[in-house]
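As structure tokens, the structure follows; a few thoughts come after it.
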Amino acid sequence: MNSKKQESISFLMQGYSKIPTLLGLQHLRRVRGDNYCGVRAAIFQTLAQGLHVPSGEKTFQYLSHALSNEGCGWLQDWTFAGRLPYRGNNILHGMGVCLRNLDNVVRMHYRYVNLNINYPC
């Protein structure tokens, strides 16, 4: 395994380990055993507990800014595990599509459970 891949894995593991603390959770349930299991688990727990989900637009702005900064070039190498057609120059567009879809999932979830939460999208 090359050092860049090891660095990415280490970065992901550090991020996943901080999710429970940031969301005030004791445990995260493993949803699927791939590199996105931490993301899925955090989203599931957030929705299941009715916690606030940051808007996709704000997250997209953060990612756009991060991509333009040194040290975040690894975002340009994101592959969506080969499941989506976004790569290289259109990776940011793909992230935006995913974040808008997440906003839609959150909106539908809140409607379904009738929480009457005004989700700012």
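Residues that are modelled with pLDDT under 75 and either in contact with a helix residue (DSSP H, G or I) (Cβ under 9 Å, 6 or more places away or on another chain) or over 25 Å from residue 3 (Cα atoms) (or both) do occur in the stretch 106-114, at least one of them. The number of residues in the stretch 37-81 being outside any helix (DSSP H, G or I) and either modelled with pLDDT of 80 or more or surrounded by 12 or more Cβ atoms within 10 Å (Cβ to Cβ) (or both) comes to 10.
Would the stretch 26-33 turn up any residue that is loosely packed, with under 11 Cβ neighbours inside 10 Å, at negative phi and at pLDDT 80 or above? No, because not a single residue in the stretch 26-33 is loosely packed, with under 11 Cβ neighbours inside 10 Å, at negative phi and at pLDDT 80 or above.
The set of residues in the stretch 99-108 being within 20 Å of residue 67 (Cβ to Cβ) and either surrounded by fewer than 15 Cβ atoms within 10 Å (Cβ to Cβ) or basic (Lys, Arg) (or both) consists of 100, 101.
The values are calculated or read from the model by the stated rules, or taken from the named source; none is laboratory data. Since the structure is predicted, the reported quantities are computational estimates derived from the model, not experimental observations. For neighbour counting, all protein chains shown are included, and Cβ atoms are generated from backbone atoms with ideal geometry for every residue, glycine included.
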